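The values are calculated or read from the model by the stated rules, or taken from the named source; none is laboratory data. Just so we're clear, the structure is a prediction, and the values are computed from it rather than from any experiment. Quick reminder, even Gly has a Cβ in these numbers, built from the backbone with ideal geometry, and neighbours come from all protein chains shown. Heads up: the accessible areas ignore ligands, DNA and RNA and are worked out on the full protein's heavy atoms, side chains in. Shrake-Rupley method; radii C 1.70, N 1.55, O 1.52, S 1.80 Å.
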Amino acid sequence: MATLIHTLADHSDDVNYCAFSSSCLATCSLDKTIRVYSLSNFSELPYSPLEGHAYAVHCCCFSPSGRVLASCSTDGTAALWDSRDGRRLAVLPQPGASPVRVCRFSPDASYLLAGAADGSVVLWNVQSLKLYRSGKVKGGSLMACAFSPNGNFFVTGSSSGDLTIWDDNMRCLYNEKAHDLGVTCCDISSHPVSDSENGFKYFQMASCGQDNQIKLWLILFADFLGLQLKYKCTLHGHSAPVLACAFSCDGQMIVSGSVDKCVIIYETSTGNTLHTLSQHTRYVTTCAFAPHSPLLATGSMDKTVHIWQLDLKQPCAGDTVENESKVAVEDWSEDDVSAWLCAQDLADFVGLFKMNNIDGKELLNLTKESLVNELKIESLGLRSKVLQKIEELRMTRISVSVPDEFLCPITRELMNDPVIATDGYSYEREAMENWISNRRSSPMTNLPLHSLMLTPNRTLKMAISRWVETQQK
């Protein structure tokens, strides 16, 4: 069930786009502004609205850490804003000054992708604020773009109906005529799917267009095979052009918005319609799932943004077991845990978990150390996968009003072992260790780190523990 819990009606013209971070919602409009709201109570932040674009703002998006907000406009520029205080950090002019329709950060926040009405595609280096690479689609305006979760490639969609896949050096890898009357939006799920026949992992992509259709695709990108794009199926239900589509954070649902004024939520695996929402009075132009809470935002030409609360019986935010919606995770039986393992593609661990009497409470208390020392899981990759899935479960039990200082800036997840880096910011230890193993710059400022030393932040760890205890009462 999807329940309308709040309506934002601050824009004075069509709402063009909405985007979530873990703590905020940003919306942009034909009225030339970007507005930013707190997810704790949907109040507008003191520095909002953001003003500076000379014409309509078509798109906005948060960096992976949520600290930077990007926007793009008919004025031919993309802009970067500090989401903490609303300061404009940079203005990035599109070559040719063509209206910029879409923008996206790369998964590591190194680049901002900007696509324009003249078909130009630009990658901006976020640290240097200089143009890194540029390209152009054949015919038509650039209407849509999406990065793969690993950042190895990105996809663009054009008004000519083409989906084009590019590598991170802006080389065109593949082109597909996808929607006869033009592509309007595309999105790539952060969760790959397995091919049982050959064992490969595919990225799932959704695209929608002026032909009233939503299409699902599978993308395989491997060095020894090159790139493959496979059509999977078409989702039906809209009676007019589909203007927006997006995956839920766990990839189990897809939402779409249309000229028919309806929002439809589909189950990805079956293509079945879960909900049809018809509260908007004009075209639905944008829709987005929140990353770590069961919230959905939809925006429209009726100048409003609706906020929806999704019933956790539906597969949202890591909710993949039917029992999970009826019984709190900490009250799961061993059989409930076994069912959850199977749903997470971890069926090989069912026997091991049963042998060690792992119920819901034990599951939530598992750590990297207990997986090694008690359950004897030796594979680092498998341990990481189990821990990631457990963390997703924990996040479903946490309120949307998690204090921002308790979230790791890299993973945007609640920290278990916070450490202070020499840039003065606190991070989850494992995430920061992985970060500095590949680079010597700060995740927050992109400036060089003068030392790689990490100091335990015991005060913050105690504060997080106390806060979690209050949430569990």
Just the residues that are modelled with pLDDT of 80 or more and open to solvent by 20 Å² or more (accessible area, probe 1.4 Å), please, taken from the range 289-332.
Phe289, Pro291, Pro294, Met301, Asp302, Lys303, Thr304, Gln309
Unmet requirement for Ser278, which otherwise passes all of (1) buried (at least 17 other Cβ atoms within 10 Å of the Cβ); (2) under 30 Å from Leu30 (Cα atoms); (3) modelled with pLDDT under 95; (4) not acidic (Asp, Glu):
(1)
Please state which one of Asp31, Asp108 is surrounded by fewer than 21 Cβ atoms within 10 Å (Cβ to Cβ), modelled with pLDDT under 95 and among the acidic types (Asp, Glu).
Asp108
Taking the condition crowded, with 17+ Cβ neighbours inside 10 Å, on the phi > 0 side of the Ramachandran plot and in contact (Cβ under 8 Å) with a residue 40 or more places away in the chain, does Gly119 pass?
no
Restricting to the range 43-64, name every residue that is open to solvent by 20 Å² or more (accessible area, probe 1.4 Å) and touching a Pro at 6+ places or on another chain (Cβ under 9 Å).
Tyr55, His58, Pro64
Only one of (1) farther than 23 Å from His11 by Cβ; (2) modelled with pLDDT of 90 or more; (3) of a type in the set (Ser, Thr, Tyr) fails for Ser338. Which number is that?
(2)
Quick check on Lys215: is it closer than 19 Å to Val183 by Cβ, part of a strand (DSSP E or B), modelled with pLDDT of 95 or more and of a type in the set (Lys, Arg)?
yes
Per the list (1) in contact with a Leu (Cβ under 9 Å, 6 or more places away or on another chain); (2) open to solvent by less than 10 Å² (accessible area, probe 1.4 Å), residue check on Ser189 breaks on (1)
(1) without any contact (Cβ under 8 Å) to a residue 60 or more places away in the chain; (2) crowded, with 22+ Cβ neighbours inside 10 Å; (3) of a type in the set (Val, Ile, Thr): which one isn't true of Val15, the others all being true?
(1)
Restricting attention to the range 359-379, the residues that are surrounded by 12 or more Cβ atoms within 10 Å (Cβ to Cβ) and either touching a Cys at 6+ places or on another chain (Cβ under 9 Å) or not in a helix (DSSP H, G or I) (or both) number exactly 6
Among the residues of the range 411-449, count how many are in a loop (DSSP other than H, G, I, E, B), under 22 Å from Leu129 (Cα atoms) and open to solvent by 50 Å² or more (accessible area, probe 1.4 Å).
4
Looking only at residues in the range 75-105 that are in contact with a Gly (Cβ under 7 Å, 6 or more places away or on another chain) and aliphatic (A, V, I, L, M), which one is surrounded by the fewest Cβ atoms within 10 Å (Cβ to Cβ)?
Ala97
Inside the range 145-169, the number of residues satisfying the requirement of being modelled with pLDDT of 90 or more, open to solvent by 10 Å² or more (accessible area, probe 1.4 Å) and more than 22 Å from the chain's Cα centre (by Cα) is 3
Positions within the range 62-93 being part of a loop (DSSP other than H, G, I, E, B) and of a type in the set (Val, Ile, Thr), in sequence order
Thr74
Any residue in the range 141-156 that is in the same structural domain as Gln228 (by the TED database), touching a residue at least 60 places away in the same chain (Cβ under 8 Å) and of a type in the set (Ser, Thr, Tyr)?
yes
Which residues, counting only those in the range 327-357, are part of a helix (DSSP H, G or I) and charged (D, E, K, R)?
Glu330, Asp331, Glu334, Asp335, Asp336, Asp348, Lys354
Enumerate the pairs (first residue in the range 33-56 and within 17 Å of Trp308 (Cα to Cα); second residue anywhere and of a type in the set (Val, Ile, Thr) and open to solvent by less than 20 Å² (accessible area, probe 1.4 Å)) with beta-carbon separation below 7 Å, excluding pairs fewer than 6 apart on the same chain, so at least 6 apart or on different chains.
Phe42/Ile307
